[in-house]
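Take a look at the structure set out below.
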Amino acid sequence: MLLFATICSFSLKKEKSRMNQCLRITFVVDVGSDILHSLVHKYAKKLSIEGMVQPVTNTMIKIMACGPKEKMDEFLDALHEAVGLKKLHDIQIEPFFKDRDYRGVFRVLE
C-alpha cells in the first residue's frame, strides 16, 4: 500500500509541473508601434512559450500562446506593463483548448 501511495504522489507532482495554460489574447496597438517583434516575440522566446502572433487588422493583434501557467502569468504581466505605457489598448484574454501543435516555437505571422 505504501508503494502505491508513493507512485501516486510522484505522478501527481509530475503532472502538476507539466500543467500548461493556453490563452487567446487580442489587443489594439498604437499606429506605428512595433509591438510584434519588440515585446511579444521577445517575451515569448525568453519564457519558452509556444504559439503565434498575427495581425488581424492594421492595429489589432491576436496572440495564441501556450506554456506553463507560471510562464504565462509572466507573459501577461509584460503585456500589462505595455498597457501601462499606453502602447496597448482594449486587451482581451480568454483561455482555449490547444487545437494544434505549435511544435515548441513561437511564430510571428505578418
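Numerical summary
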item: Odd one out for residue 90 among (1) at pLDDT below 90; (2) assigned to a helix (DSSP H, G or I); result: (2)
item: Qualifying residue in segment 69-82 (condition: more than 12 Å from the chain's Cα centre (by Cα), of a type in the set (Asp, Glu), on the phi < 0 side of the Ramachandran plot and assigned to a helix (DSSP H, G or I)); result: yes
item: Candidates 33, 48 - the one that is surrounded by 15 or more Cβ atoms within 10 Å (Cβ to Cβ), in a loop (DSSP other than H, G, I, E, B) and either modelled with pLDDT under 95 or in contact with a strand residue (DSSP E or B) (Cβ under 6 Å, 6 or more places away or on another chain) (or both); result: 33
item: Count - residues of segment 56-93 that are among the charged types (D, E, K, R) and in contact (Cβ under 8 Å) with a residue 12 or more places away in the chain; result: 7
item: Residue check, residue 39 surrounded by 10 or more Cβ atoms within 10 Å (Cβ to Cβ), in a helix (DSSP H, G or I) and either at pLDDT 90 or above or over 10 Å from the mean Cα position of the chain (by Cα) (or both); result: yes
item: Leading residue by the ranking (farthest from residue 22 (Cα to Cα)) among those in segment 94-110 that are free of Cβ contacts under 8 Å to residues at least 60 places away in the same chain and not in a strand (DSSP E or B); result: 109
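The values are calculated or read from the model by the stated rules, or taken from the named source; none is laboratory data. Remember, predicted model here, so these are calculated numbers, not experimental data. Every residue, glycine among them, receives a Cβ derived from its backbone with ideal geometry; neighbour counts consider all protein chains shown.
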